[in-house]
2 protein chains.
Amino acid sequence: MNEAVVLTPERILEVTEDVLRRYGLAKATVVDVARALDVSHGSVYRHFPSKASLREAVAKRWLERIDGPLRQIAEDAAGPAPERLDRWLRTLFAAKRERVCDDPEMFQTYLTLAREACAAVKCHKDGLIDQMSAILVDGVKQGVFSVTDTKATARAIFDATSRFHHPAHADEWKDADLPARVDATLALLLRGLQA
Amino acid sequence: MNEAVVLTPERILEVTEDVLRRYGLAKATVVDVARALDVSHGSVYRHFPSKASLREAVAKRWLERIDGPLRQIAEDAAGPAPERLDRWLRTLFAAKRERVCDDPEMFQTYLTLAREACAAVKCHKDGLIDQMSAILVDGVKQGVFSVTDTKATARAIFDATSRFHHPAHADEWKDADLPARVDATLALLLRGLQA
C-alpha cells in the first residue's frame with residue numbers, strides 16, 4: 001500500500017467511484033478497488049465487509065452530497081422563509097439536473113445503487129421533508145406562511161415538484177421551457193403557503 | 001365477413017384492442033385483426049393504410065377515452081371553479097390509476113403505442129391544459145381565483161400533479177398514503193389560486 005495515504009472508508013469510497021466510472025457497475029469488483037488503492041482486498045473488506053455494503057456506502061455518499069448544501073439552507077434560520085424555500089427547491093432541482101447532464105452514465109449507476117439501498121433512500125427523503133418542514137415552521141414564526149400541518153405540507157411540496165427532482169423525469173430536464181415551468185410552479189406553491 | 005356488422009373504423013379499433021389484449025403488442029398483426037373481424041386484411045387496410053396508422057388510432061382512442069369525462073367537467077361552466085378544478089384533477093388521477101391497476105399489461109401496451117404517437121400525445125396534453133385554463137378563466141370571472149397567466153398556471157398545475165397522473169409514477173399509485181398525499185397537494189394548489 002502507498003504509505004503516504006491512510007486507508008480510510010472515505011478514501012475507499014472515492015476510489016470505488018473512480019473504479020465504477022472506469023469499469024461500469026456490472027464489471028467493477030472489490031478486487032479492482034483494492035488494486036486501484038494498491039492494497040489487498042482484505043484491507044477493503046475490513047472497512048466494508050461485503051460488496052453489498054460497499055455499494056450501499058457509495059449510494060449513501062452520493063445522497064449525502066446532495067443533502068449537504070440543502071441542509072445549510074434549511075438551517076440558516078436568519079433569512080426570510082419564502083426566499084429560503086425557493087432557494088432550497090431550486091438547489092435540489094439543480095443538483096439533480098447537473099448530475100444527470102454532466103455524467104448520465106454515472107447517474108444511472110448511482111440510481112441503480114440507490115434502488116438497492118432503499119432504506120438509505122427513504123432516510124434521505126425523510127430528511128429532505130424534515131428540512132422543508134423546518135423552513136415552513138420558521139415561515140409560520142415569521143408570520144409569512146400559514147400552514148397547519150407542516151410535515152404534510154412539506155411532503156405536498158416535495159410531491160408537487162417531483163417533475164423537477166424525481167429521476168423518472170430526467171429526460172425532461174433539458175427542455176428549453178424548463179426554467180419557465182419551474183418558475184410558474186414555485187410561484188403557485190409559494191402563493192399557496194402565504195399567510 | 002359477418003353481414004350483420006358494418007366494418008367501421010370504430011369496430012376495427014375495438015377488435016384491435018381485443019387482439020392486442022389476447023396476443024400482446026409484439027405478436028399481434030393486422031392479419032389477426034382481420035381474422036377476428038372475419039374480413040380480409042385488405043378491408044382493414046382500406047380504413048387504416050398501415051400497421052403504424054392502426055397503432056396510432058388505438059393510442060388516440062385510448063387518450064380520447066381519458067379525455068371525454070374531463071372535457072365534460074371543464075365545459076360545465078355552471079359550477080364553482082375550485083370544486084370543478086378539484087374534481088377535474090381527481091378524475092384525471094383516477095382514470096390513470098384505474099387503467100394501470102385494472103389491467104397493467106394493457107396499460108403498458110397503450111403506453112408503448114402512445115410513445116410512438118407523440119404528436120397525438122402532445123395534442124392530448126395541450127387539450128388537457130386548455131381544459132384547465134378554461135376552468136381557471138371561469139374562476140377568475142367568478143372572483144374566486146386570482147390568476148394572471150391562465151395557460152402558464154394551468155401548466156404549472158399539470159406539472160405539480162405529475163406524481164399522480166404521469167405514468168412514470170404508476171408504481172407509487174398503490175401506496176396506502178396516496179389519498180392523503182393527493183388531498184394535501186390539491187389543497188395547497190387550490191390555496192395558491194385563491195383570489
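Centroid-to-centroid, using Cα positions, region A:109-173 and region A:36-108 are 15 Å apart. For region A:96-147, pairs of C-alpha atoms spaced more than 19 angstrom apart make up 51 percent of the total. If you wrap region B:5-74 in the convex hull of its Cα atoms and look at it from every side, the mean projected area works out to 5.1 nm². When the pairs B:96/B:174; A:151/B:151; B:96/B:151; B:125/B:151; A:96/A:151; B:51/B:125 are compared against a 21 Å limit on Cα-Cα distance, A:151/B:151; B:96/B:151; A:96/A:151; B:51/B:125 fall above it. Taking amide hydrogens as placed 1.01 Å from N in the peptide plane, the amide H of residue A:145 sits under 5 Å from those of A:140, A:195, each at least 5 positions away in sequence or on another chain. Global size of region A:52-193: 15.4, 48 Å for Rg and Dmax (C-alpha atoms, Rg to one decimal, Dmax whole).
Both chains summed, the buried accessible area for A and B stands near 2000 Å², from protein heavy atoms and a 1.4 Å probe.
Can you pull the percent of region A:52-193's accessible area that's carbon plus sulfur, 1.4 Å probe, other chains left in place?
It is 55 percent, rounded to a whole number.
Relative to 2.2 N^0.38 Å, what does the C-alpha radius of gyration of region B:110-186 come to as a ratio? Two decimals please. Don't skip to the answer; put the middle values down first.
On the way: Rg = 14.8 Å, N = 77, 2.2 N^0.38 = 11.5 Å.
Against the empirical 2.2 N^0.38 Å value, I get 1.29 for region B:110-186.
At a temperature of 10 °C and a viscosity of 1.306 mPa s, determine how fast the protein assembly as shown diffuses translationally according to Stokes-Einstein, using the Kirkwood radius over alpha-carbon pairs as Rh; express D in µm²/s, rounded to the nearest whole number. Translational diffusion coefficient: 66 µm²/s.
Computed from backbone phi, the HN-Hα couplings of region B:180-195 come to 5, 6, 4, 4, 5, 5, 5, 4, 5, 5, 5, 5, x, 8, 3, 6 Hz, rounded to whole numbers (Karplus: 6.51 cos²θ - 1.76 cosθ + 1.60, θ = phi - 60°; Gly and Pro given as x).
The values are calculated or read from the model by the stated rules, or taken from the named source; none is laboratory data. Predicted, not measured: the structure shown is a model, and the values here were computed from it. We work out accessible area using only protein heavy atoms, side chains counted, and drop any ligands, DNA or RNA first. Shrake-Rupley method; radii C 1.70, N 1.55, O 1.52, S 1.80 Å.
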